[in-house]
Amino acid sequence: MSSSGQYSALKGVQDILLPDIAVWQKIESISREVFSRYGYQEIRTPIIEPTALFTRSIGETTDIVEKEMYTFPDKAGRSITLRPEGTASVVRAYVEHHLYNLPSPQKFFYSGPMFRYERPQKGRFRQFFQIGVEAFGVSAPLMDAEIIAMLSVLFERLGLKGVNFELNSIGCEKCRPAYRKALQDFFSDKLNDLCPDCKRRYEYNPFRILDCKVERCIELRQGAPRVTDFLCEESRRHFEKVLSAITALRIPHVINPNMVRGLDYYAGTTFEVTSEHLGSQKAVAAGGRYDRLVQEFGGPPTPAIGFAIGMERLAALLLENEGVLAASPDVYISTLGERAAGEGFLVAERLRAKGFWVEAAYDGSSLRSQLRKADRLSARCVLIIGDDELSAGKVKWKDLKDGSQGETEMSGLTEFLSSLIVDR
Ligand code: HAM
């Protein structure tokens, strides 16, 4: 009895159902717990923002801004964009509400949907969810190490295995121009063979050629200069301190000088957490420093760093690690006859008030079909209430896990169930 119905969800967006939703809730609650130990407070920003907020911060020549934004005019003709990421909005809020006047550091976390008009594939959606954090006011390399440590603690608490922390420093305003020039020199005699996008990137954003997915561009960039060879003294020392702090914490990591982040606001430390189990979209979390952005948005010079986790990718990895987390009722109440059904209803409410997950049959179907239902729901235990049991003040029970059964006093039912379902 299945029908696809009259409507289906848009391409690249999805409903989150069991078993995924159980994993999502676990991720959300554990991340709140971990973030609060590091002093992060929640911030909720709007899903719609003025388009210019993203074009200026993420960068005019990035894939996100050039190709992927959901942008539309509102009824007053203003250009509105569904947020493709969270950092720009948090920085806007930080500046708009003068949060820089509060004692530093100010630390925020957020979670919610982001929108990018990308070609949907495994691990890549048009509406996807991020959990992210942003910390303002500390430029010290130990802040970078702290935020990476927090991400590592979170993944450990979630039992996530087999991920790699990849780190890079993409340099600062002082060292970046020399690296940019070196890249342009390297690609100058290959320009005609680059893809049309990279031809444009060559002028405006040659760093992005290192991230192009076109096969020919991948071949042409073999032997390109590496950013780590161009770092100025300050950037190099900063990066070394970050590395030595996370080494002291024994967080396994690799340096990946080819990591190019897809957003222009970064400078200095950048990082990605990747997993081979994710296929071609292998970053489960990513972030870095963006020390200029607050000032560019009209605030005082304020160093900042953050990261965002891709929920769908993290949930997929956890499900793969743990298998399906089945959610099932503790108790299924089966009743025989109208009087018993009324009593069963009251018993169900009493047990729920004690914290049990209770389902009950209200439809007057046969005992056989009620038991089949309990089985399909994978209920832990069934209670059977009939007229005879009612008169005797008793209830029949069956443990569906080990098949044991018997009869117990109605008056001591809660205590009885608590001892039966110890692993609840
Ligand atoms: P991002 O690398 O664009 O960075 O995205 C962060 C993470 O979001 C990715 O590593 C990935 O797990 C997930 N993600 C991105 N696009 C998609 C998609 N289309 N479908 C599914 N998952 C996706 C940022 O967004 C920065 N705002 C991170 C940051 C925060 N940097 C500093 N603070």
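Here are the numbers:
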{"read-out": "Rg/Rg_globular for segment 295-337, with Rg_globular taken as 2.2 N^0.38 Å and Rg from C-alpha atoms", "value": "2.57"}
{"read-out": "Set 199/241; 75/199; 26/282; 122/174; 67/161 screened for pairs whose C-alpha atoms are more than 27 Å apart", "value": "199/241; 75/199; 122/174; 67/161"}
{"read-out": "Kyte-Doolittle at least 0.5, axis length at least 15 Å by Cα - qualifying DSSP helices, the chain", "value": "141-157"}
{"read-out": "Along each principal axis, Cα extent of segment 376-424, largest first, Å", "value": "31, 23, 16"}
{"read-out": "Sulfur and carbon atoms: percent of accessible area, segment 114-246 [1.4 Å]", "value": "51 percent"}
{"read-out": "Calculated over segment 242-375: convex hull of Cα atoms, volume per residue (Å³)", "value": "238 Å³"}
{"read-out": "Student exercise, the chain dipole from Lys, Arg, Asp, Glu Cβ charges, in Debye to nearest 20", "value": "820 debye"}
{"read-out": "Charge dipole (the chain, unit charges on Cβ, about Cα centre) - positive-most of 269, 251, 38", "value": "269"}
{"read-out": "Principal axis box of segment 312-366, alpha-carbon based, largest edge first, Å", "value": "50, 26, 15"}
{"read-out": "Percent RCO, i.e. relative contact order, over the chain, from Cα pairs under 8 Å lying at least 6 residues apart", "value": "16 percent"}
{"read-out": "Listed peptides 129-138, 407-416 by packing density, highest first (mean Cβ within 10 Å)", "value": "129-138, 407-416"}
{"read-out": "Whole-percent carbon and sulfur share, accessible surface of segment 331-420, 1.4 Å", "value": "50 percent"}
{"read-out": "GNM top mover of 335, 247, 228 - the chain, alpha-carbon springs below 10 Å", "value": "335"}
{"read-out": "For segment 81-146 and segment 376-414, distance of Cα centres in Å", "value": "51 Å"}
{"read-out": "Diffusion coefficient, µm² s⁻¹, Stokes-Einstein with Kirkwood Rh over alpha-carbon pairs of the chain at 20 °C and 1.002 mPa s", "value": "85 µm²/s"}
{"read-out": "Reciprocal mean inverse distance between Cα atoms of segment 331-420 - Kirkwood radius, Å", "value": "12.8 Å"}
{"read-out": "Anchor residue 396: lysines whose Cα lies under 29 Å away (excluding residues fewer than 8 positions away in-chain)", "value": "354, 373"}
{"read-out": "Per residue, in Å², the accessible surface of the chain once ligands and nucleic acids are set aside, probe 1.4 Å", "value": "51 Å²"}
{"read-out": "Bins of 5 Å, starting at 0 and running to the largest distance - Cα pair percent for segment 106-161", "value": "4, 14, 17, 18, 18, 17, 9, 2"}
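The values are calculated or read from the model by the stated rules, or taken from the named source; none is laboratory data. Computed from a predicted model, the values in this text were never measured in an experiment. No Cβ is skipped: glycine too gets one built from the backbone with ideal geometry, and neighbour counts run over all protein chains shown. Areas reflect the complete protein model, heavy atoms only, side chains present, ligands, DNA and RNA absent. Shrake-Rupley method; radii C 1.70, N 1.55, O 1.52, S 1.80 Å.
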